[in-house]
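Here is the structure we will look at, set down as structure tokens.
Coordinate-derived values only; no laboratory data. Computed from a predicted structure; not experimentally measured. All Cβ positions, glycine included, derive from the backbone under ideal geometry; neighbour counts span all protein chains shown.
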Amino acid sequence: MHDMYYFYIKALHIIFIVTWFAGLFYIVRLFVYHTEAQAEEEPRRSILQEQFRIMMKRLWFGITWPSAVLTLIFGPWMLILYGSVPGWMWAKLAFVFGLYIYHFFLHSIHKGLQKGVFRYTSTQLRVWNEVATLFLVAIVFLVVLKSMLSMIWALVGLIIFAVVLMIAIRVYKSLREKKSR
């Protein structure tokens, strides 16, 4: 019975991780669109930005925050039921801690945009959008491989992946600039 209880908690943990990441991925896209709406003429700018503010607020407080909190509840609960913390788990927990820092950083961007404060360009926000991907890759590799040696290889792959993402963002930006001319 104890094992079955553990698997229910694990399933809930995974569900809320997925919804949390969905929120993290989409919120930054909304930040990008909201920021790009600054370049529009009135009244289109105001209409778009008001719509994006509503969408961001609903996503952030209706899905992303609740999912982050429930992930934080079910994760430790799972560890308690498991009964021990294997070595690879400490590395995973470090990445999860970094993910929560990223979450709080996005929260500060969200608050600013709700007040009409644009601290980042759409290109900078596109880069921030990929940070969640980096955390996702690192955490999944650790959980699946459960090995520090494999984790080192995963980190090497992660660094290569990050470089490829940055190059892709720059190429995309230059293509967009050429298309708009």
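A compact table of results
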{"quantity": "Local net charge near Thr121, Cβ-Cβ under 14 Å (Lys/Arg +1, Asp/Glu -1)", "calculated": "+3"}
{"quantity": "Sites matching trypsin sites (Lys or Arg not before Pro) across the stretch 60-120 that sit in DSSP coil, with at most 11 neighbouring C-beta atoms within 10 Å", "calculated": "Lys115, Arg119"}
{"quantity": "Kyte-Doolittle at least 0.0, axis length at least 27 Å by Cα - qualifying DSSP helices, the chain", "calculated": "2-36, 87-114, 122-145, 148-180"}
{"quantity": "Student exercise, the stretch 28-70 dipole from Lys, Arg, Asp, Glu Cβ charges, in Debye to nearest 20", "calculated": "240 debye"}
{"quantity": "Dipole axis of the chain (+1 Lys, Arg; -1 Asp, Glu on Cβ), positive-most option in Pro66, Ser46, Phe141", "calculated": "Ser46"}
{"quantity": "Global geometry of the stretch 2-180, whether rounded, prolate or oblate, following the gyration tensor of its Cα atoms and the 1.5 cut on a/c", "calculated": "oblate"}
{"quantity": "Per-residue [θ]222 nm for the chain (sum of -39500 (n - 2.57) over DSSP H runs n ≥ 4, rounded to 500)", "calculated": "-30000 deg cm²/dmol"}
{"quantity": "Rounded if a/c under 1.5, otherwise prolate or oblate - the stretch 63-165, Cα gyration tensor axes", "calculated": "oblate"}
{"quantity": "Cβ-placed point charges (K, R +1; D, E -1), dipole of the chain about Cα centre in debye, nearest 20", "calculated": "460 debye"}
{"quantity": "Relative contact order computed over the stretch 2-180 (Cα-Cα under 8 Å; 6+ residues apart), in percent", "calculated": "28 percent"}
{"quantity": "Exposure proxy order (Cβ contacts within 10 Å, fewest to most) of Trp88, Trp20, Trp153", "calculated": "Trp153, Trp88, Trp20"}
{"quantity": "Highest-MSF residue in the chain out of Tyr33, Tyr120, Tyr82 [GNM, Cα springs under 10 Å]", "calculated": "Tyr82"}
{"quantity": "Fewest-first sequence of Phe161, Phe104 by Cβ atoms within 10 Å of each Cβ", "calculated": "Phe104, Phe161"}
